[in-house]
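Worksheet: the structure to be examined is printed underneath.
Throughout, read-outs are computed from the coordinates displayed, never taken from laboratory work. Since this is a predicted model, take the numbers as computed values, not measurements. Glycine also receives a Cβ, built like all others from the backbone with ideal geometry; neighbour counts cover every protein chain displayed.
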Amino acid sequence: MLRNNCNGVLSINTARRGLDSDHALSIKSLEFIKSTLAIDGQVFLRGKNMKIKLIVTGLMGLLVFSVSAYAGTLSDTIQTAEKNGVPSGQVSLVVNRAKAEGIPDAGIINMLRTVIHAKQDNVSVPMITNKIVEGLSKHAQAERIVDAANRLEQSYKQAGMLYDQIKGQIQKGDNKTMELKESMSIAIFNGVKPDQLKDLYRAAPGSGASYYIMGTVSLTSLISSGYSTEQGISFMKKEFSSHKTADEIQHKTMRLIEQPMGSRNDMMEREMGQGNTMQMNRTGIPGNPSDRMPMNQDMNMHNQRN
Amino acid sequence: MIVDCAAEQIVPTVVVNNNNCMFSYRDHGAKSVSLAGSFNDWDRTSMSMKKTVNKDGQHVWSIGIRLPEGIYSYKFVIDNNVWVVPPHADAYASDGFGGKNGILIVSKGLKQVKE
């Protein structure tokens with residue numbers, strides 16, 4: 001509360017009823033008496049220049065009010081969420097699950113802020129709340145949950161921008177915009193840069209959204225299973241430019257993932273080499289791209305070569 | 001304590017037929033297995049899987065649910081506290097909490113949905 005008691009004393013009381021302890025400010029009162037600035041009863045500034053002190057006091061008061069208003073209570077944050085258009089069902093889902101997991105109010109407030117932020121940024125609220133309840137269910141730390149939700153929100157925003165850039169090259173009639181955006185956001189969340197995805201999609205221009213979706217989730221599989229982003233991108237580009245079907249891409253990816261750690265690099269190198277050989281063979285064989293060998297023959301032939 | 005581990009399994013993890021998804025998981029030591037994922041708000045208890053013993057004496061836990069087209073993340077939960085990465089998922093992705101989720105794609109444009 002800001003008070004001017006008309007006798008030269010300007011005081012700011014930051015103590016606020018119901019303020020969460022984690023967000024309570026250590027400054028309880030700020031008083032300006034004649035030429036002395038006191039914080040919590042202790043002299044903080046003493047000097048002659050009244051204007052400078054007034055400015056300092058004003059700035060500090062502004063800071064105190066900003067932080068205090070930003071902190072708020074859980075009920076304030078719930079109200080803010082609903083005022084911002086976050087469905088009450090999504091709010092109560094987060095609050096109830098977080099309370100059931102024993103998360104303190106401060107942690108729940110931070111979680112709700114990510115949801116509010118997502119809503120303000122036109123990012124799917126259920127997607128963010130789903131990540132939050134996932135973390136809660138897995139007993140992740142509150143800070144980690146908030147971090148994951150924020151990263152997912154950023155990933156989804158970047159995926160939306162990427163989609164706008166590449167939508168012109170997607171074959172029409174395959175209406176899977178949401179799924180494609182989601183697959184892209186999962187990939188970005190797993191550390192793939194939007195430019196890397198854009199570059200990858202250039203290897204298969206004019207494909208259907210389903211094809212891009214499978215390529216994108218397969219790339220994510222490789223990365224989340226220990227392959228580097230560069231290895232994953234190179235492999236997937238090769239698959240795209242070799243006109244492999246979505247099924248083939250998925251099967252090959254699974255084979256790579258199921259390799260023991262020690263033999264993965266060899267397997268990846270063989271896959272890359274095989275792709276080059278296949279491309280060379282195909283240049284000498286008239287016919288269409290769908291005229292491909294079944295996967296098992298492909299592998300047998302590959303093994304014989306090595 | 002939550003443990004994140006991959007488990008051995010040969011049977012397919014999910015078979016999708018016209019949006020009906022049959023999840024299966026083989027585990028001999030489990031007292032209970034449930035399915036948790038983005039489709040049930042990661043609830044550890046709401047989708048309990050049913051145990052059957054196949055002709056080879058193996059304990060196969062399964063549950064069938066209907067899902068609209070989309071991309072879903074999921075895991076199995078053993079005895080309500082051990083999170084297991086699905087052995088043969090369509091794809092995988094890091095969950096942001098130090099673990100990995102199975103990814104299920106339900107889409108008519110891909111092989112998972114049999115027309």
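Looking at the structure I just gave you, is A:ILE145 surrounded by 18 or more Cβ atoms within 10 Å (Cβ to Cβ), at the interface with another protein chain (Cβ under 9 Å from one of its Cβ atoms) and under 21 Å from A:SER228 (Cβ atoms)?
Criteria not met by A:ILE145.
Only one of (1) within 22 Å of the chain's Cα centre (by Cα); (2) in a helix (DSSP H, G or I) is not met by A:GLN79, so which one is it?
Of everything listed in (1) within 22 Å of the chain's Cα centre (by Cα); (2) in a helix (DSSP H, G or I), A:GLN79 misses just condition (1).
Matching residues to (1) under 19 Å from the mean Cα position of the chain (by Cα); (2) crowded, with 23+ Cβ neighbours inside 10 Å; (3) facing another protein chain (nearest Cβ under 7 Å):
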site	(1), (2), (3)
A:MET161	yes, no, no
A:GLU179	yes, yes, yes
A:SER185	yes, yes, no
A:ASP199	no, no, no
A:ALA209	no, yes, no
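Can you tell me which residue is farthest from the chain's Cα centre (by Cα) among those in region A:116-137 that are within 14 Å of chain B (Cβ to nearest Cβ) and of a type in the set (A, V, I, L, M)?
Restricting attention to region A:116-137, the residues satisfying the condition of being within 14 Å of chain B (Cβ to nearest Cβ) are A:124-137.
Cutting the leftovers down to of a type in the set (A, V, I, L, M) gives us A:125, A:127-128, A:132-133, A:136.
Numbers: A:VAL125: 13, A:MET127: 10, A:ILE128: 9, A:ILE132: 11, A:VAL133: 15, A:LEU136: 17 Å.
Per the stated criteria, the residue is A:LEU136.
Results for (1) more than 9 Å from chain A (Cβ to nearest Cβ); (2) closer than 23 Å to A:GLN250 by Cα, shown as yes or no for each residue.
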site	(1), (2)
B:TRP42	no, no
B:LYS51	yes, no
B:ASN54	yes, no
B:SER73	no, yes
B:ASP79	yes, no
B:ALA89	no, yes
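Does region B:50-58 contain any residue that is buried (at least 18 other Cβ atoms within 10 Å of the Cβ) and farther than 17 Å from A:MET214 by Cα?
Looking only at region B:50-58, we keep the residues that are buried (at least 18 other Cβ atoms within 10 Å of the Cβ), and these are none.
No, because not a single residue in region B:50-58 is buried (at least 18 other Cβ atoms within 10 Å of the Cβ) and farther than 17 Å from A:MET214 by Cα.
On the given criteria, is A:TYR156 buried (at least 17 other Cβ atoms within 10 Å of the Cβ), without any contact (Cβ under 8 Å) to a residue 24 or more places away in the chain and part of a helix (DSSP H, G or I)?
Details: buried (at least 17 other Cβ atoms within 10 Å of the Cβ): yes; without any contact (Cβ under 8 Å) to a residue 24 or more places away in the chain: no; part of a helix (DSSP H, G or I): yes.
Answer is no for this residue.
Hey, A:GLY191 hits all of (1) in a helix (DSSP H, G or I); (2) surrounded by fewer than 24 Cβ atoms within 10 Å (Cβ to Cβ); (3) at the interface with another protein chain (Cβ under 10 Å from one of its Cβ atoms); (4) not basic (Lys, Arg) but one; which does it fall short on?
If we test A:GLY191 against (1) in a helix (DSSP H, G or I); (2) surrounded by fewer than 24 Cβ atoms within 10 Å (Cβ to Cβ); (3) at the interface with another protein chain (Cβ under 10 Å from one of its Cβ atoms); (4) not basic (Lys, Arg), just (1) comes out false.
Pull up region A:212-235, narrow it to residues that are under 16 Å from B:GLY96 (Cα atoms) and in a loop (DSSP other than H, G, I, E, B), then point me to the one that is nearest to the other protein chains (Cβ to nearest Cβ).
A:SER225
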